[in-house]
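Down below is the structure, laid out as structure tokens.
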Amino acid sequence: MTEITSLRPLAAVLVSVVAIAPILASGSRPNLREGWTLLASVLTLGLVGSMVPGAIAGDVYVTTLSTFVPGVSLALRADALGVLFALLASTLWLAASFYSIGYMRGLGEHSQTRYFAAFAGSIASAIAVAFAANLVVLYLAYELLTVATYPLVVHDETDAARAAGRKYLAYTFGGGVAVLAGVVLVYHATGTTAFAPGGIGGLATADPTLARAAFGLLITGFGVKAALMPLHSWLPDAMVAPTPVSGLLHAVAVVKSGVFGIARVLLDVYGVDLVAHLNVGMAVAVVAAITLIVASVIALRQDNLKRRLAFSTVSQLSYIVLGLAVGAATPGADATKWALIGGLLHIPAHAFMKLTLFFCAGALHVETHTDDISDMAGIGKRMPLTMTAFAVAAAGMAGIPLVAGFVSKYFLLIGTVTGGHLVFTAALLVSGVLNIAYFWPVVYTAFFESQGDSDEKPLVSGALGGRLGGHTRADGGHEGGGFERRAVSGAEGSWFLIGPVVFAAFGSIVLGVIPDTAVFLSLVRTVVDTATAMGVVGV
């Protein structure tokens with residue numbers, strides 16, 4: 001591993017920060033405002049992408065600005081794990097920027113300048129989370145991400161949006177307090193908070209009770225944004241935000257910052273050897289397994305599409321946490337590597353698939369004002385490309401081959417079986433069946449039903465046995481006979497909306513068909529090889 005002094009990590013953060021000023025200044029000129037957004041997203045992606053080859057080779061790019069106190073520097077550090085998260089966020093920010101233009105203009109949304117400025121601030125915070133060199137910088141970036149995303153959560157300015165915003169702040173700032181307490185304990189025990197391959201050496205010789213307490217506080221704090229139960233309820237309520245916010249910030253940046261923080265704690269603060277030595281990893285795995293099953297069951301009863309997707313996110317995030325926890329808690333290189341690869345690879349896999357699903361939900365809302373699954377009978381005729389992309393991403397979420405979710409879940413299954421944790425294997429398989437159960441009704445309703453023969457399905461929160469009869473809407477999209485048929489040629493909506501849907505769905509397929517040549521898997525392998533090769537002294 002070679003450390004390279006470079007300004008690129010800092011530049012990747014500052015591009016989005018600097019872009020906020022011209023975005024705000026261009027409020028009366030929407031084309032120019034959105035041009036600044038696209039330029040910033042391209043520059044950010046270019047800067048992060050330039051570090052990918054070095055990160056895969058094991059190089060680390062470091063920017064050191066100053067020192068807070070002895071052992072704690074204001075520094076950024078772009079290693080393979082950080083580049084993995086930053087590359088994902090910057091790639092999907094570019095797609096979401098195009099999508100936001102189509103969505104916000106299509107609905108004539110208010111306060112669009114504030115929206116794009118807050119979006120830029122949120123991405124800057126997410127990149128700072130990715131490149132934090134120590135727990136203190138990670139904590140600061142983690143809290144800034146909460147502040148930057150709050151205006152997006154409450155964008156609609158309705159009572160429901162404000163209530164969701166208050167809940168969001170209460171949960172995430174509460175989680176931040178837990179993270180800060182954990183950081184203080186780690187510094188007290190070791191005199192440093194700097195991330196190190198294999199973990200911080202001083203923790204291995206610290207009082208085990210103190211080390212476990214710090215671990216519990218850190219995992220709990222990051223677990224809020226990772227939506228581990230029972231700390232998850234802010235996420236479904238935050239679905240009142242505009243769909244691009246739900247898609248990128250609540251399927252990528254915000255929630256992934258939580259699982260990213262857990263990954264840092266397990267791999268670069270404690271290390272897999274110390275996690276196994278302290279016997280703390282299995283408790284995290286149990287919480288994750290319970291979350292992925294319970295959230296899937298709750299998703300079955302959601303008729304609103306975005307809320308169903310939100311509970312799906314709660315479940316899918318726990319796949320990542322389960323893989324990380326099982327990998328860190330299981331002695332034996334094979335089991336550790338398989339589980340860690342599966343958990344880390346599910347970060348980009350879930351992001352591409354879930355972003356596709358949210359983009360589809362937003363396109364349906366813009367073009368037909370349809371939000372509930374029980375109102376979607378025959379909508380596949382009106383939105384054929386959109387719903388085909390939805391079906392592809394849903395198949396991947398359920399672990400069907402040739403889509404990204406199959407590859408990451410395959411590694412997870414191999415890791416749990418190799419490690420002898422068959423209970424977790426069973427949980428993964430049951431959750432996969434539940435994924436089919438709550439996604440298939442959406443696809444079936446869209447393509448194989450018409451308004452006259454549709455019902456709510458017992459799976460959603462209607463009367464047992466459903467109800468017969470069609471729905472009549474005032475949008476001109478499906479009166480009486482149902483949705484009008486459109487060609488798969490762009491007639492179903494603006495390409496600012498449909499283009500990002502196709503891009504995200506295509507990315508899901510690429511990650512599922514050629515995972516060994518995809519850059520994300522290469523980064524994941526580097527992270528896992530480094531984590532398993534470096535042991536903490538004294539363990």
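Determine if region 27-44 includes at least one residue that is within 17 Å of Arg77 (Cα to Cα), open to solvent by 60 Å² or more (accessible area, probe 1.4 Å) and either in contact (Cβ under 8 Å) with a residue 60 or more places away in the chain or not in a helix (DSSP H, G or I) (or both). No.
The single condition among (1) surrounded by 22 or more Cβ atoms within 10 Å (Cβ to Cβ); (2) more than 25 Å from Leu521 (Cβ to Cβ) that Ala351 does not satisfy is (2). Scanning region 62-72 for any residue that is open to solvent by less than 30 Å² (accessible area, probe 1.4 Å) and modelled with pLDDT of 90 or more turns up at least one such residue. The number of residues in region 392-434 being small (Gly, Ala, Ser) and closer than 17 Å to Leu300 by Cα comes to 6. Within region 328-367, the residues that satisfy the criterion of being in contact with a helix residue (DSSP H, G or I) (Cβ under 6 Å, 6 or more places away or on another chain) and closer than 18 Å to Trp495 by Cα are Leu355, Thr356, Leu357, Phe358, Phe359, Cys360, Ala361, Gly362, Ala363, Val366. Quick check on region 86-97. Is at least one of its residues touching a strand residue (DSSP E or B) at 6+ places or on another chain (Cβ under 9 Å), closer than 23 Å to Tyr139 by Cβ, modelled with pLDDT of 90 or more and open to solvent by less than 50 Å² (accessible area, probe 1.4 Å)? Within region 86-97, one or more residues are touching a strand residue (DSSP E or B) at 6+ places or on another chain (Cβ under 9 Å), closer than 23 Å to Tyr139 by Cβ, modelled with pLDDT of 90 or more and open to solvent by less than 50 Å² (accessible area, probe 1.4 Å). Check region 412-428 and report whether any residue there is at pLDDT 90 or above, of a type in the set (A, V, I, L, M, F, W, C) and more than 21 Å from Thr336 (Cα to Cα). No, region 412-428 contains no residue that is at pLDDT 90 or above, of a type in the set (A, V, I, L, M, F, W, C) and more than 21 Å from Thr336 (Cα to Cα). Of all the listed residues (Thr388, Thr356), the sole one being surrounded by fewer than 22 Cβ atoms within 10 Å (Cβ to Cβ) and modelled with pLDDT of 90 or more is Thr388.
Cβ-Cβ distances below 6 Å connect the following pairs, each with a first residue in region 502-520 that is open to solvent by 30 Å² or more (accessible area, probe 1.4 Å), a second residue that is modelled with pLDDT under 95 and of a type outside the set (Val, Ile, Thr), and a separation of six or more residues or different chains: Phe503/Ala95; Val513/Leu402. The condition of being in contact with a Pro (Cβ under 8 Å, 6 or more places away or on another chain) and of a type in the set (Val, Ile, Thr) holds for only one of Val62, Val69, that being Val62. Filtering region 151-180 to residues that are among the basic types (Lys, Arg) and either touching a helix residue (DSSP H, G or I) at 6+ places or on another chain (Cβ under 7 Å) or more than 27 Å from Gln112 (Cβ to Cβ) (or both) leaves only Lys167.
Name the single residue that is nearest to Ala283 (Cα to Cα) among those in region 198-227 being open to solvent by 30 Å² or more (accessible area, probe 1.4 Å) and without any contact (Cβ under 8 Å) to a residue 24 or more places away in the chain. Checked region 198-227; the qualifying residue nearest to Ala283 (Cα to Cα) is Thr209. Cβ-Cβ distances below 8 Å connect no pair with a first residue in region 81-110 that is on the phi > 0 side of the Ramachandran plot, a second residue that is open to solvent by 10 Å² or more (accessible area, probe 1.4 Å) and of a type outside the set (A, V, I, L, M), and a separation of six or more residues or different chains.
Being within 27 Å of Val286 (Cβ to Cβ) and surrounded by fewer than 21 Cβ atoms within 10 Å (Cβ to Cβ) holds for only one residue in Leu402, Leu422, and it is Leu422. Residues that are open to solvent by less than 60 Å² (accessible area, probe 1.4 Å), under 21 Å from Leu210 (Cβ atoms) and in contact with a Pro (Cβ under 9 Å, 6 or more places away or on another chain) do not occur anywhere in region 163-182. Taken together, the residues in region 442-460 that are open to solvent by 10 Å² or more (accessible area, probe 1.4 Å), within 15 Å of Ile379 (Cβ to Cβ) and either within 27 Å of the chain's Cα centre (by Cα) or modelled with pLDDT of 85 or more (or both) amount to 4. Set side by side, the residues Ala363, Ala310 differ, and just one is touching a Ser or Thr at 6+ places or on another chain (Cβ under 6 Å), touching a residue at least 12 places away in the same chain (Cβ under 8 Å) and buried (at least 24 other Cβ atoms within 10 Å of the Cβ), which is Ala363. The residue that is farthest from Ala339 (Cα to Cα), counting only those in region 256-287 that are hydrophobic (A, V, I, L, M, F, W, C) and surrounded by fewer than 24 Cβ atoms within 10 Å (Cβ to Cβ), is Leu278.
The values are calculated or read from the model by the stated rules, or taken from the named source; none is laboratory data. None of these values were measured; they are calculated from a predicted model. With ideal geometry, Cβ positions are generated from the backbone for all residues, glycine too; neighbour counts draw on all protein chains shown. With ligands, DNA and RNA removed, areas are computed over all heavy atoms of the protein, side chains included. Shrake-Rupley method; radii C 1.70, N 1.55, O 1.52, S 1.80 Å.
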